[in-house]
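Working notes, beginning with the structure itself.
The values are calculated or read from the model by the stated rules, or taken from the named source; none is laboratory data. On a predicted model such as this, the values are computed, not experimentally measured, just so you know. Positions of Cβ are generated from backbone atoms using ideal geometry, with glycine treated the same way; all protein chains shown enter the neighbour counts.
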Amino acid sequence: MQWSAFFKNKYLRGEFIISIIILLVTLFVFTRFLNFNESREGAALPDPVLHFFDAIDLTWFIFCLIYFSLIVVLIDLIGDPKRLVFAMQCYTLLLLVRMLMMYLTPLNPPEGMIALNDPFVQMFGAGHELTKDLFFSGHTAIVFLFYLFSTKKLLKIFFLSSSILVGVFVLLQHVHYTVDVISAPFFAYVSYRLIYLLQERKVSP
């Protein structure tokens with residue numbers, strides 16, 4: 001469906017506007033929650049995987065990979081407004097699920113962590129260094145989410161490979177515990193699947 005036809009449909013136009021508003025509100029709340037989360041004392045998890053190596057600063061590699069993936073997925077989605085709305089809804093739910101999981105599982109950062117400062121999150125108001133936004137890995141989950149709602153084979157291969165690389169890189173930087181990274185695709189899939197089922201119910205008789 002083209003944008004002109006999409007906006008002629010009153011229901012689709014309203015869903016698009018509401019989805020953007022909810023996403024922006026969620027982003028605002030999420031960044032405030034991150035600041036709150038930093039003030040909480042949490043548990044330090046034993047992680048035998050991280051004990052095998054010292055932390056390596058891969059910040060630029062991680063963000064170049066994430067933001068390049070973001071640009072690619074936006075180019076892919078920009079011509080398909082229905083899929084774009086679906087993607088926004090999946091991402092919004094992923095943020096809400098991540099807030100819930102971080103609230104339920106307060107953690108202290110892994111030993112030797114090199115902080116990963118996200119310029120996008122800081123732009124929305126998280127002004128200080130974040131070290132406790134741990135369970136689960138949002139960077140790994142978002143790129144895996146790109147993989148889930150991509151329809152082209154080459155893009156799916158690219159996003160799946162990118163999500164694996166991001167997961168490996170954040171572990172090498174000791175930004176996350178191993179469980180944070182391993183569980184990220186599961187929560188991304190749950191968010192994707194729930195929105196898919198809701199969308200499916202809307203078109204069912």
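Structure notes:
- Residue within the stretch 89-103 that is under 19 Å from LEU171 (Cα atoms) and of a type outside the set (D, E, K, R) present: yes
- HIS128 vs. criteria in a loop (DSSP other than H, G, I, E, B), under 21 Å from SER39 (Cβ atoms) and modelled with pLDDT of 95 or more: no
- ALA184, sole failed condition from (1) within 22 Å of PHE86 (Cβ to Cβ); (2) part of a loop (DSSP other than H, G, I, E, B): (2)
- Single condition PHE6 does not satisfy, out of (1) among the aromatic types (Phe, Trp, Tyr); (2) without any contact (Cβ under 8 Å) to a residue 60 or more places away in the chain; (3) over 26 Å from SER162 (Cβ atoms): (2)
- Looking at LEU172, LEU197, just one residue is more than 26 Å from VAL72 (Cβ to Cβ), out of contact with any His (no Cβ under 6 Å at 6 or more places or on another chain) and not polar (S, T, N, Q), and that residue is LEU197.
- Qualifying residue in the stretch 11-22 (condition: among the polar types (S, T, N, Q), under 17 Å from VAL181 (Cα atoms) and touching a residue at least 12 places away in the same chain (Cβ under 8 Å)): no
- Here the stretch 26-46 is the region considered, the condition is being more than 16 Å from the chain's Cα centre (by Cα) and among the aliphatic types (A, V, I, L, M), and the residue that is farthest from HIS174 (Cα to Cα) is ALA43.
- A count restricted to the stretch 46-81 and to residues that are touching a residue at least 60 places away in the same chain (Cβ under 8 Å), more than 13 Å from VAL143 (Cβ to Cβ), assigned to a helix (DSSP H, G or I) and among the β-branched types (Val, Ile, Thr) stands at 1.
- Top-ranked residue in the stretch 151-178 [being small (Gly, Ala, Ser) and surrounded by fewer than 21 Cβ atoms within 10 Å (Cβ to Cβ); ranked as farthest from LEU70 (Cα to Cα)]: SER161
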